[in-house]
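Readers should treat all values here as calculations from the given coordinates under stated rules, not as data from a laboratory. Owing to the predicted nature of the structure, the values given are computational and were not obtained by experimental measurement. Neighbour counts are summed over all protein chains in view; Cβ atoms, including those assigned to glycine, are modelled from backbone coordinates with ideal geometry.
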Amino acid sequence: MSFDTRLPSIPLSRRTLLAGAASIAMLSATGAALAQTPATATVNTTGLAVSDTTVKIGILHSVTGTMAISETGSVQAEKLAIEQINASGGILGRKIEVIQEDGGSDWPTFAEKAKKLLVEDRVAAVFGCWTSASRKAVLPVFEQYNGMLYYPTFYEGLEESPNVIYTGQEATQQIIAGIDWVVKEKGAKSFYLLGSDYIWPRTSNKIARKHIEKLGLEVVGEEYYPLGHTQFNSVINKIKLKKPDVIYAIVVGGSNVAFYKQLKAAGIDMTKEKPLLLTISVTEDEVLGIGGENMVGAYAAMKYFQSLKNDNNTAFVSAFKKMWGDKIVIGDVTQAAYLGPWLWKAAVEKAGSFDIDKVRKASPGIELTTAPEGYVKIHENHHLWSKTRIGHARADGQYDVVYETKDFMEPDPFPEGYQ
Amino acid sequence: MIGDYSYSEFFSILAMQGFAGLILFSVFVLMALGLAIIFGQMGVINMAHGEFMILGAYVTYLCSVVVTDYVPFLFPVYFFVAMALAFAASFGLGVLVEWALIRHLYRRPLDTLLATWGLSLALQQLYRSVFGAREVGVTLPDWMMGSISLGDAIEIPINGLFVMGLTMIIAAAVYFIMFRSSWGKRVRAVVQNRVMAGAVGINTKQVDRMTFGLGCGIAGIAGSAFTMIGSTGPTAGQLYIVDTFLVVVFGGAGSLIGTIASAFTISQAQSTLEFFLSGSMAKVLTLLTVVGILMLRPQGLFSLNIRR
Amino acid sequence: MPTVGFLFSKKEWLYLAILAALLLIVLPASVDIFRLNLIGKYLTYAFVALGLVLLWGNGGILSLGQGIFFGLGGYCMAMFLKLEASTPEATKIQSTPGIPDFMDWNQVTALPFWWQPFHSFTFTLLAIILVPSVFAFIIGAAMFKRRVGGVYFAIITQAVAAILTILIIGQQGYTGGVNGITDLRTLLGWDIRTDSAKLILYFINAGLLIGVLLLAQAVRMSKFGRLLIAMRDREDRVRFSGYDVSNFKIFIFCLAAAISAIGGAMFTLQVGFMSPSFVGIVPSIEMVIFAAVGGRLSLFGAIYGALLVNAAKTTFSESFPELWLFAMGGLFIAVVMAFPFGLAGVVKDYVEPFVARRLPVLLGRGRAPQPQAAQ
């Protein structure tokens, strides 16, 4: 396979980026366009919004409502990827035009906007959604109108739609490596499972429990609190009473902040690792709200950390900061969102067409050697092969990567024996 | 031995759990007091109460940033200044809102509810535009985090103690203002008979404005204090709104004592249930019990005679 | 309310004709099926708004929990559709085939007993009306018999909405949790996702809406309707005249609940899923604002209010997502402060006199005075 997924090395500030994009586009319009731009009729046989010079895509995240907190990073990453793709000549000689819609943290609105993007705007791909609920709401729309969704969040699995590429990890990838690591490296014997009360934490903990019990170890407690809950003193007391080796926490959103602050205030110093805290829900983005000093010493299992040391990531982080400001942090989902447009570009170029069916057929097997996380490859089941890493939280809100799996974890959305 | 635990473990847990209940109680009182004043004394339902709290939280955040950048040696004590400023900001916004909105709607209580809901939407978007959609982290002085150990297994969170102390001070201050000062007498006079109060020379408009401002100001202090235990984001105010309203309604409109009693009942029920059940079920059971009791006794625990 | 003719005055019959023409002819002819489906969704909110005109405008009872009934109606329908979609063949990859997918994910191994009757379409239709009505009856009886009303009632309904949301989310093995009940495909074997099905559903919805409008008007014109207004304005006098005020209130609350539930069921059919985000506080208050924008005393206003606010929401959030909340908040405040009678008030005060000057012949002399404002 030889398709160009190199990151552009031109300096990127927001303003010069736009100017640069424009000038490069002009260059390619005069030079490259003559040579390699295939005719619209051949690359678009199903009436998508593709012209001789542009292709329209949709971005569908919440910029208002409670989920805006989480989804902002994804929008930023997707826009960065698209600007970079445009600056390096676009896709099949066409510049990407973005139509952004607001899901408003409201699932029916997501469905409505998804339908609008597919039916009215005829976009060639949609990058979006964050929560499982929003994905479940748009899924029938994408299947009915045959659209392509690139979904960035780590999630519970139990799904494999031909119309979705899942660029985040599904639950087993994130969970099993993390638990194996604490058991092997830290000698953990007992676990306390804790989560916000909805499908992702519950399913994830179900997989975690099965895996822990398979290893012959013990789950001493399992508990869920409503989304937005802010009082965790009771459960912290219970944890103290049960004295688990590991607190396995999948708390999300505003509850996160409350949980970690109260954990620290209750005298549980995570740096002492008695008990050790392992989470799969706190990325650098969340630490920003929690405060690094309240998170220090915790471990997180996911596929990407901002501090990851490789050339791709260095370029990605600096481009991201140039575009969105120095203070910004990049979490796992943000990186996964960044992969979306690049994976789509690769698939379109492999297929030589924007047609959804051809892109879908071309997708499995697509590799991205320029991914900030290192390397990813699309599996037959539309999830990504990726490594899982363990991060150790520092006081400045970043994670030190202390471990990464040797092999690429195979995505397994319907795990046998974990149902 | 009791179950799996030794006696000493059991009692230390009992103590800590009791303390957790007391912290929850303090949080509830702090949340609800401002609303209870506005609702109970003025009959105005302020749906933007949560947003006034978040205003206090954002003021605290700004203080923490400014102090760290310019006068770092004041950092250990900045929180007190921040709380005062939070009160001032929320009080100011409250007075402004009363002047612009509420005073036109006193005879239409249901409409104040809608107008303040609109206000809360606008404020949320304002916070989002100014501070960004992401949560902000408020850095606290070290002495406010951590815990005090009493004996082997008992650890008392300092921020919990702080919230409890603060609640007591605020509650005492409210008691003093409402029941021991001449201004409080005027407020109560206006509540009981607006026309007569006006006739004897009380400036009822000013009393209304100050009462509303006071309620909002207390919300601001609460928001400031909650940066220690909760999150600060544009929509975080909505996390508190249901609990707050339930506490006030359960206590009975118009009764500050009722509000405190109901905060105590609900917090103890919730923290006890949380210990024996899983978190979500505890919450549902608590709420169901509260609503169940409200079905039997809709006027709440303590009430003025409502007859409509 | 003095009237000319049956149910409505002449002028109101004209308005009804305009509304019917708009919903049944103009809109279907002028917009594509995607937009028409959206309009259909807005119209399901209009059911709730109609209920609120009766309850709030005429009865003076503000409920901030109408989402409860909209949601219950919608969930009843969704349960039926989900069972139909969860045939053992369609769900054979599950550990327990034949139950809804979310139950299987949550280790529920058998269909709970209270799901069983929803295999029957007749039962479902009855449940859509009865479940919310009975629920409303329980809340209403507890509240109104003890003479709780006004702001107090509003807050308690709000609390109930919050509790129901937490319950639905918490019991995800039985309710689908925060995701709701999704991926609904067919109604009695009829694929509801096709364009032609959406067109038919739109017409059913619009027809039902006009039917409910007529029903609501009949209620308003009856003796009961007049009592309702008397009760709103001078409750004590009605009580002293020997009427049992609380029974009237309970009845109107149940009626409004049933009407909202029809909207909820139609919503499920047209949108294809139901989730707890329609049950909670926020949607309940939004539905009140639809009625308020349209004019809390006007049945026609309620429908136009629901249409306009939602259309504005869609277009505004497409063009200026960041400003949408400012606009919505401003609208709330403006309606309350400046236009307490909403669109209907604007029409009455400005449009009608204007039209009456220009077209006196068309309108005739049958101008019915509007009822007085609630205090």
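Structure data summary
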| quantity | calculated |
| --- | --- |
| Extension gain (nm, one decimal) between residue C:312 and residue C:221, 0.36 nm per residue minus Cα-Cα | 29.5 nm |
| C-alpha long axis of helix B:182-192 to longest principal axis of chain B, angle in ° | 70 |
| Part-to-part distance (alpha-carbon centres) for region C:1-73 and region C:218-252, which is given in Å | 23 |
| Candidate aspartates and glutamates for bridging to residue B:185, where Cα separation is under 18 Å - those fewer than 8 sequence places away on the same chain excluded | B:208 |
| Region C:169-299 - percent relative contact order, Cα under 8 Å, separation 6 or more | 39 |
| Cα-derived Rg to Rh of the protein assembly as shown, Kirkwood definition | 0.97 |
| Where labels lie 7 Å past Cα in the beta-carbon direction, separation of residue B:11 and residue B:100 in nm | 5.8 |
| Cross-link table A:274/A:309; A:238/A:303; A:303/A:327; A:115/A:327; A:116/A:377; A:189/A:406, entries beyond 26 Å C-alpha to C-alpha | A:274/A:309; A:238/A:303; A:115/A:327; A:116/A:377 |
| 32 Å Cα-Cα threshold exceeded, pairs from A:113/A:350; C:82/C:313; A:214/A:350; A:79/A:136 | A:214/A:350 |
| Mean shadow area of chain A over all directions, Cα convex hull, nm² | 18.7 |
| Region B:37-68 residues near the modelled residue B:84 label - backbone nitrogen below 18 Å, point 7 Å along Cα→Cβ | B:56-57, B:59-68 |
| Estimated FRET transfer efficiency (residue B:70, residue C:137; beta-carbon r; R0 60 Å; 0.05) | 0.45 |
| Candidate lysines for bridging to residue C:145, where Cα separation is under 22 Å - those fewer than 8 sequence places away on the same chain excluded | C:223, C:249 |
| Between helix B:78-100 and chain B: long-axis angle, C-alpha atoms, 0 to 90°, nearest 10 | 30 |
| 5 Å binning of all Cα-Cα separations within region C:10-293, expressed as whole percents from 0 upward | 1, 6, 12, 16, 17, 15, 13, 9, 6, 3, 2, 1, 0, 0 |
| FRET efficiency, 1/(1 + (r/R0)^6) with R0 30 Å, evaluated for residue A:377 and residue C:90 via beta carbons | 0.40 |
| Cα gyration tensor of region C:258-304 - equivalent ellipsoid semi-axes, whole Å, descending | 21, 13, 8 |
| 222 nm mean residue ellipticity, helices alone, for the protein assembly as shown (DSSP H n ≥ 4; -39,500 (n - 2.57); rounded to 500) | -19000 deg cm²/dmol |
| Inter-centroid distance (Cα atoms) of region B:1-75 relative to region B:119-143, Å | 17 |
| Chain A: angle of helix A:132-145 to the longest principal axis, Cα-based, in degrees nearest 10 | 30 |
| Cα→Cβ-extended label distance, 7 Å offset, between residue B:168 and residue A:42, nm | 8.3 |
| For chain A, the longest site-free run once GluC sites (Glu not before Pro) in DSSP loop states with at most 10 other Cβ atoms within 10 Å are removed | A:1-379 |
| Mean separation of Cα contacts under 8 Å (6+ apart) over length of chain B, as relative contact order % | 34 |
| Cα centroid of region C:143-203 to Cα centroid of region A:296-341, whole Å | 39 |
| Kirkwood hydrodynamic radius over Cα pairs of region B:16-234, then Stokes diffusion coefficient at 25 °C and 0.890 mPa s, in µm²/s | 133 |
| Relative contact order for chain C, counting Cα pairs under 8 Å that sit 6 or more residues apart, in percent | 33 |
| Net +/- balance of residues flanking residue B:280 in space, Cβ distance below 14 Å, scoring K and R +1, D and E -1 | -2 |
| Distance (nanometres) between label positions extended 7 Å along Cα→Cβ at residue B:289 and residue C:145 | 2.4 |
| Region C:166-245: trypsin sites (Lys or Arg not before Pro) falling in loop per DSSP and having at most 13 other Cβ within 10 Å | C:234 |
| Förster radius 35 Å - calculated FRET efficiency between residue B:205 and residue C:346 (Cβ-Cβ, nearest 0.05) | 0.70 |
| Relative exposure of A:257, A:183, A:55, judged by other C-beta atoms within 10 Å (fewest first) | A:183, A:55, A:257 |
| Cβ-based exposure ranking for C:18, C:303, C:33, in which fewest neighbours within 10 Å come first | C:18, C:33, C:303 |
